Amino acid sequence: MSLLSQKHLLGIEFITEEDINLIFETATQFKEVLQRKIKKVPSLRDITIANLFFENSTRTRTSFELAEKRLSADIINFSASASSTKKGETLIDTVNNILAMKVDIIVMRHPNPGAHILLSKHIDAQIINAGDGTHEHPTQALLDAFSMREKIGDLRGKNIAIFGDIKHSRVAISNIYCLQKLGANVRVCGPPTLIPKYMPSLGVEVSYDIEDTLKWCDVANVLRIQLERQDIKYIPSLREYNIAFGIKKEMLDKLNKKIVIMHPGPMNRGVEIDSDVADSDHSIILQQVENGVAIRMAVLYLLAGKGTL
């Protein structure tokens with residue numbers, strides 16, 4: 001019986017290449033389940049999962065809920081807007097009150113980086129990080145890498161570029177950790193104001209030249225401009241960002257190879273990516289969404305201590 005090396009999924013930084021490959025193997029099997037007429041298995045019918053989202057989420061929350069239902073788990077959905085944390089209760093007290101209902105796994109999104117790490121030191125239940133501030137978003141990185149591997153095979157030695165708002169992106173950080181553990185070469189590309197100065201210390205190439213980076217890469221993972229996280233203006237306008245750093249169809253047509261286009265969503269069409277790119281045969285954006293359910297099923301199953309299928 002194979003298990004993950006960690007009790008929690010707090011971030012890609014804390015897991016191993018072996019963990020990632022085990023998650024991928026398990027997700028491949030669950031993806032087969034999702035193609036069946038009856039898309040449900042009783043694997044977690046003895047497990048209760050609480051979804052705690054202290055930030056708004058549509059894609060991640062829906063994907064986790066569907067994964068939990070496909071595994072036959074019991075689910076508690078917790079909304080931050082109705083929570084006692086608004087009345088001054090601590091995060092640890094809030095979670096302990098939920099755990100008193102005999103919850104086994106906590107899936108949490110929180111605006112503060114490191115909230116999951118703090119929580120893991122005070123509670124016994126397994127914790128899955130569904131995004132913490134600008135720190136990490138591990139299941140998104142796993143589904144991104146899984147989708148890349150489906151499309152282009154082993155990622156060792158492949159060139160993967162991450163475009164856009166790196167500064168405010170938890171997806172970028174988790175992707176960098178995941179891709180490096182799988183042996184890929186990683187480059188980030190965007191305006192200087194949206195690329196943190198510490199990027200080279202992570203072993204990542206930095207470029208401000210979008211066309212050169214498209215020529216270099218096998219996969220382009222395009223991130224949105226996160227205006228909601230920006231307390232000051234980092235770009236003159238969205239229109240000017242699109243002119244200077246938007247991915248356009250004519251750029252792809254000039255390449256002497258076919259690259260893969262990805263986007264974790266939600267997309268700002270006409271800003272970081274044009275519609276005729278997002279909807280082109282270069283794009284695997286909808287495959288990412290499909291793979292998200294299988295990856296999250298795998299993570300839940302393995303953290304529940306069920307081992308390989």
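The values are calculated or read from the model by the stated rules, or taken from the named source; none is laboratory data. Everything numeric here is computed off the predicted structure, so don't read it as measured data. We place every Cβ from the backbone using ideal geometry, glycine too, and count neighbours over all the protein chains shown.
Counting only residues that are of a type in the set (Val, Ile, Thr) and surrounded by fewer than 15 Cβ atoms within 10 Å (Cβ to Cβ), which one in region 86-104 is modelled with the lowest pLDDT? Break it down into steps so the answer makes sense when it comes.
At the first step, the residues of region 86-104 found to be of a type in the set (Val, Ile, Thr) are 90, 92, 94-95, 98, 103.
Going one step further and asking which of them are surrounded by fewer than 15 Cβ atoms within 10 Å (Cβ to Cβ), we end up with 90, 92.
Values: Thr90: 87, Ile92: 90.
Step by step, filter region 86-104, then rank; the result is Thr90.
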*Residues of region 104-159 classified as more than 19 Å from Leu22 (Cα to Cα) and among the basic types (Lys, Arg), total*: 3
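Just checking, does region 46-65 include any residue being in a helix (DSSP H, G or I), in contact (Cβ under 8 Å) with a residue 60 or more places away in the chain and hydrophobic (A, V, I, L, M, F, W, C)? Give the steps one after another, and end with the answer.
Start the filter on region 46-65 by keeping residues that are in a helix (DSSP H, G or I), which leaves 59-65.
Among the residues that remain, those that are also in contact (Cβ under 8 Å) with a residue 60 or more places away in the chain are: 59-61, 63-64.
Right, trim to hydrophobic (A, V, I, L, M, F, W, C) and you get 64.
Yes.
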*Working carefully through the options Ile261, Ile243, find the one that is among the hydrophobic types (A, V, I, L, M, F, W, C), out of contact with any Lys or Arg (no Cβ under 6 Å at 6 or more places or on another chain), under 24 Å from Pro192 (Cα atoms) and in a helix (DSSP H, G or I).*
Ile243
*From Val289, Val206, grab the single residue that is of a type in the set (A, V, I, L, M) and over 30 Å from Ser43 (Cα atoms).*
Val206
*Name the one entry in Tyr301, Tyr234 that is part of a loop (DSSP other than H, G, I, E, B) and either in contact (Cβ under 8 Å) with a residue 24 or more places away in the chain or of a type outside the set (A, V, I, L, M, F, W, C) (or both).*
Tyr234
_Report every pair of residues separated by at least 6 positions or lying on different chains whose Cβ atoms are under 7 Å apart, first residue within region 265-291 and closer than 15 Å to Arg239 by Cα, second in a helix (DSSP H, G or I) and hydroxyl-bearing (Ser, Thr, Tyr)._
Arg269/Ser275; Val271/Tyr241
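Looking at this structure, is Ser237 surrounded by fewer than 16 Cβ atoms within 10 Å (Cβ to Cβ), in the same structural domain as Gly183 (by TED's automatic domain parsing), of a type in the set (Ser, Thr, Tyr) and at pLDDT 95 or above?
Values: surrounded by fewer than 16 Cβ atoms within 10 Å (Cβ to Cβ): yes; in the same structural domain as Gly183 (by TED's automatic domain parsing): yes; of a type in the set (Ser, Thr, Tyr): yes; at pLDDT 95 or above: no.
So Ser237 does not fit the description; no.
Any residue that is in a helix (DSSP H, G or I), among the polar types (S, T, N, Q), in contact (Cβ under 8 Å) with a residue 24 or more places away in the chain and more than 30 Å from Thr62 (Cα to Cα) - is there at least one of those in region 198-215?
Keep residues of region 198-215 that are in a helix (DSSP H, G or I), which gives 199-202, 210-215.
Still in the list and also among the polar types (S, T, N, Q): 201, 213.
Cutting the leftovers down to in contact (Cβ under 8 Å) with a residue 24 or more places away in the chain gives us 213.
Adding the requirement that they be more than 30 Å from Thr62 (Cα to Cα) leaves 213.
Yes, the conditions are met somewhere in region 198-215.
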*For the subset of region 177-194 comprising residues that are part of a helix (DSSP H, G or I) and within 17 Å of the chain's Cα centre (by Cα), which member is nearest to Val219 (Cα to Cα)?*
Leu179
*What are the residues in region 15-44 that are assigned to a loop (DSSP other than H, G, I, E, B) and either at positive phi or aliphatic (A, V, I, L, M) (or both), if any?*
Ile15, Ile38, Val41, Leu44
_Residue list for region 162-210, filter: surrounded by fewer than 22 Cβ atoms within 10 Å (Cβ to Cβ), of a type in the set (Ser, Thr, Tyr) and within 20 Å of Ala244 (Cα to Cα)_ = Thr193, Ser207, Tyr208
*Options Lys31, Lys37; residue that is among the charged types (D, E, K, R) and at pLDDT 95 or above*: Lys31
*With the condition kept exactly as written, say whether any residue in region 285-300 is buried (at least 20 other Cβ atoms within 10 Å of the Cβ) and either within 23 Å of Thr193 (Cβ to Cβ) or at pLDDT below 95 (or both).*
no
_Members of region 31-73 found to be in contact with a Pro (Cβ under 9 Å, 6 or more places away or on another chain) and buried (at least 18 other Cβ atoms within 10 Å of the Cβ), listed by number_ = Phe54, Leu71
*Would you be able to tell me the number of residues in region 143-174 that are in contact (Cβ under 8 Å) with a residue 12 or more places away in the chain, out of contact with any Leu (no Cβ under 9 Å at 6 or more places or on another chain) and not basic (Lys, Arg)?*
7
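Just a yes or no: is a residue in region 207-225 closer than 24 Å to Gly292 by Cα, outside the structural domain of Pro111 (by TED's automatic domain parsing) and at pLDDT below 95?
At the first step, the residues of region 207-225 found to be closer than 24 Å to Gly292 by Cα are 217-225.
Checking which are outside the structural domain of Pro111 (by TED's automatic domain parsing) leaves us with 217-225.
Subset that is at pLDDT below 95: 224-225.
Scanning region 207-225 turns up at least one residue that is closer than 24 Å to Gly292 by Cα, outside the structural domain of Pro111 (by TED's automatic domain parsing) and at pLDDT below 95.
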